[in-house]
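Scroll down for the structure; my scribbles are underneath it.
Laboratory data are not the source of any read-out in this text; all were calculated from the coordinates shown. Please read all numbers here as calculations on a predicted model, not as lab measurements. Heads up, the Cβs are rebuilt from the backbone with ideal geometry, glycines too, and the neighbour counts pull from every protein chain shown.
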Amino acid sequence: MVRVSVMDEDTSRDELMETGAEDREADLQEAAALEDHGKKDIPLTKMTKAQLIEKVEELQESSQKERDLYLRSQAEIDNLKKRHQKDREGLVKFANESLIKQLLPVADNLEKAVAHSQNEASVETLREGVDLTLKGLVDVLQKAGVETIEAVGEQFDPNFHEAVSEMVDDRVEPGTVLKDLQKGYTLNQRLVRPSMVIVSKKTA
């Protein structure tokens, strides 16, 4: 004789009920999918009034979602543009901050030179102070990529020199720069200011 316990019977019953529920849920999902597929396959001209209304509502809902997505995307793009513009303005506004910090000691040295010249009746002290300040300024400019254009003794170059006048000098070739009236400078090999020079010429 085979004995079946009450616990085994309850477990079997629960398993059957769970399996039946899963089967019913799967059938409902399949039916809903078939219904949606059937709706999509029905031409608009053959839809009933209720189906047309439902279709219009679906399209309106989809259109609203797409519009909301577009508006959010547009807002994010606008925020990015504003942030980029703000960062750019900050870079332009404070681009020379490092150079200014290096120039401040030069200004301090000039103030000290002027102060010493007032306290001491010595032109030599003032000259030394100005020389040191000039050297400091040149060092700062060189670190920033500024270089002096060599002119005196060089052949006149219209790309870097600006002739102010000519002077007769048979000791050098015509077109040689005799005097540099105002130094020229380049920034990272790009011309900032040409040298103002006097150029030699032959005796007439």
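Screening K143 on (1) exposed (fewer than 15 other Cβ atoms within 10 Å of the Cβ); (2) more than 25 Å from Q102 (Cα to Cα); (3) of a type outside the set (D, E) shows it passes everything except condition (2).
So, in segment 151-169, of the ones that are surrounded by fewer than 16 Cβ atoms within 10 Å (Cβ to Cβ) and among the small types (G, A, S), which residue ends up farthest from S98 (Cα to Cα)? Here the answer is S165.
When you look at D108, is it of a type in the set (D, E, K, R) and surrounded by 11 or more Cβ atoms within 10 Å (Cβ to Cβ), yes or no?
Taking the combined requirement at face value, the residue satisfies it.
The set of residues from segment 122-151 being over 26 Å from V177 (Cβ atoms), more than 38 Å from the chain's Cα centre (by Cα) and of a type in the set (A, V, I, L, M) comprises V123, L126, V130, L132. Evaluation of T148 against the conditions (1) in contact with a Lys or Arg (Cβ under 6 Å, 6 or more places away or on another chain); (2) surrounded by fewer than 15 Cβ atoms within 10 Å (Cβ to Cβ); (3) farther than 28 Å from L110 by Cβ shows that the sole unmet condition is (3). Restricting attention to segment 170-197, the residues being closer than 28 Å to N96 by Cβ and surrounded by fewer than 14 Cβ atoms within 10 Å (Cβ to Cβ) number 7. Look at segment 156-181: where a residue is of a type in the set (K, R) and a partner is part of a strand (DSSP E or B), sitting 6+ places away or on another chain with Cβ atoms under 8 Å, you get K179/M167; K179/V197; K179/I198.
Applying the set (1) among the polar types (S, T, N, Q); (2) surrounded by 14 or more Cβ atoms within 10 Å (Cβ to Cβ); (3) part of a helix (DSSP H, G or I) to S200 leaves exactly one unmet item: (3). Which of the following residues is β-branched (V, I, T) and in contact with a helix residue (DSSP H, G or I) (Cβ under 6 Å, 6 or more places away or on another chain): V140, V168? Only one candidate qualifies: V140.
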